[in-house]
Amino acid sequence: MLASIFSLNVIQTALELGCIYALVALALFLSYSILNIADLSTDGCFTLGCAVACQVALTGHPFLALLAAMAAGVCSGFITAFLQTRLGVESIMAGIIVNTGLYTINLAVMGFSSTMSLVKTDTVFSIAKSALSFTGGGYKLVLAVVIALAGAAMVGFLGTRLGLSIRATGDNAAMVRASSINPAFTITVGLCISGALTALSGGLLAQYQKSCDINVGTGMVTIALASLIIGETLVGKRTMVRRVLGVVFGSCLYRFIVA
């Protein structure tokens, strides 16, 4: 009996964390698979989202904290894109520079403390628990709704004119430039969206765990790439819908393997 309860809790936790980290996998899907850019700023951007979300949540605005985290992620993505498109820095080096610089910025956002706590603070999960108390512990599965909306938005966006331009930029930037489309603009938009998704994931994790640590983003690139590769290998990548579903599935499966 105890073993079955423990197993059920492990599965539920793995599913919840899989949904949170799936946002990072979607971000890397956009930057790595679509734009063909190795963005190594993911670790620092994830921690930035955690730190910003914690600070805003401490003021009593947990939902605004997620929006603030996404705005911070957009800024991170813009700086990364600016280094690549305007200053001619290689994508890998640009990611390293931003990731390194974000360490000090993250410390400053956290009040120059290595940890922050939200134990006595309202979060989106505590609010959902109060509103959906009749579901027991199922309120945390609201994360499935968040990732479903993010996945649908990703598929819809990549089917728009701007989204198709971003996809074309990753395939052949020279052809895009010859078609009177500015690849610097499409790269900037893509990396800004990628940064927003990464920071949103960090903000959700901070409120999920009710804490933030300066090293919480360490290894996030590896986790996201593993999820991406697992999903594309098992689900395939014939259509955009299957590719996005594969990213989410790969993230959840990776968390199951870790659990």
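Couple of notes before you dig in:
- Test result for T100, part of a helix (DSSP H, G or I), on the phi < 0 side of the Ramachandran plot and modelled with pLDDT of 85 or more: yes
- Any chance I147 is under 30 Å from R242 (Cα atoms), in a helix (DSSP H, G or I), at pLDDT below 95 and open to solvent by 60 Å² or more (accessible area, probe 1.4 Å): no
- Residues located in segment 190-221, provided they are outside any helix (DSSP H, G or I) and open to solvent by less than 10 Å² (accessible area, probe 1.4 Å): C212, G217
- Residue pairs whose Cβ atoms lie under 6 Å apart, sitting 6 or more positions apart in sequence or on different chains, and linking a residue in segment 188-200 that is modelled with pLDDT of 95 or more to a partner that is surrounded by 24 or more Cβ atoms within 10 Å (Cβ to Cβ) and of a type in the set (F, W, Y), are T198/F46.
- Of residues in segment 154-164 being assigned to a helix (DSSP H, G or I) and over 15 Å from C192 (Cα atoms), the one most open to solvent (accessible area, probe 1.4 Å): R161
- Test: residue in segment 69-77 that is farther than 19 Å from T188 by Cα and buried (at least 24 other Cβ atoms within 10 Å of the Cβ): no
- Residues of segment 168-180 that are in contact (Cβ under 8 Å) with a residue 12 or more places away in the chain and surrounded by 19 or more Cβ atoms within 10 Å (Cβ to Cβ): T169, G170.
- Meets criteria (free of Cβ contacts under 8 Å to residues at least 12 places away in the same chain, on the phi < 0 side of the Ramachandran plot and part of a loop (DSSP other than H, G, I, E, B)) for T59: yes
- A residue that is open to solvent by 30 Å² or more (accessible area, probe 1.4 Å), in a helix (DSSP H, G or I) and over 18 Å from C212 (Cβ atoms) occurs nowhere in segment 104-112.
- For segment 232-259, filtered to residues that are over 15 Å from L15 (Cβ atoms) and of a type in the set (G, A, S), the residue that is least open to solvent (accessible area, probe 1.4 Å) is G246.
- Scanning segment 113-136 for residues that are open to solvent by 50 Å² or more (accessible area, probe 1.4 Å), free of Cβ contacts under 8 Å to residues at least 12 places away in the same chain and not in a loop (DSSP other than H, G, I, E, B) returns K129, S130, A131, S133, F134, T135.
- Count of segment 222-231 residues, restricted to those that are open to solvent by 10 Å² or more (accessible area, probe 1.4 Å) and either in contact (Cβ under 8 Å) with a residue 40 or more places away in the chain or among the hydroxyl-bearing types (S, T, Y) (or both), is 3.
- For segment 84-96, a residue qualifies if it is hydrophobic (A, V, I, L, M, F, W, C) and either open to solvent by less than 70 Å² (accessible area, probe 1.4 Å) or in contact (Cβ under 8 Å) with a residue 24 or more places away in the chain (or both), and the qualifying residues are V89, I92, A94, I96.
The values are calculated or read from the model by the stated rules, or taken from the named source; none is laboratory data. Bear in mind that the values here come from a model prediction, so they are computed numbers and not experimental data. Neighbour counts run over all protein chains shown; Cβ positions are idealised from the backbone, glycine included. Areas reflect the complete protein model, heavy atoms only, side chains present, ligands, DNA and RNA absent. Shrake-Rupley method; radii C 1.70, N 1.55, O 1.52, S 1.80 Å.
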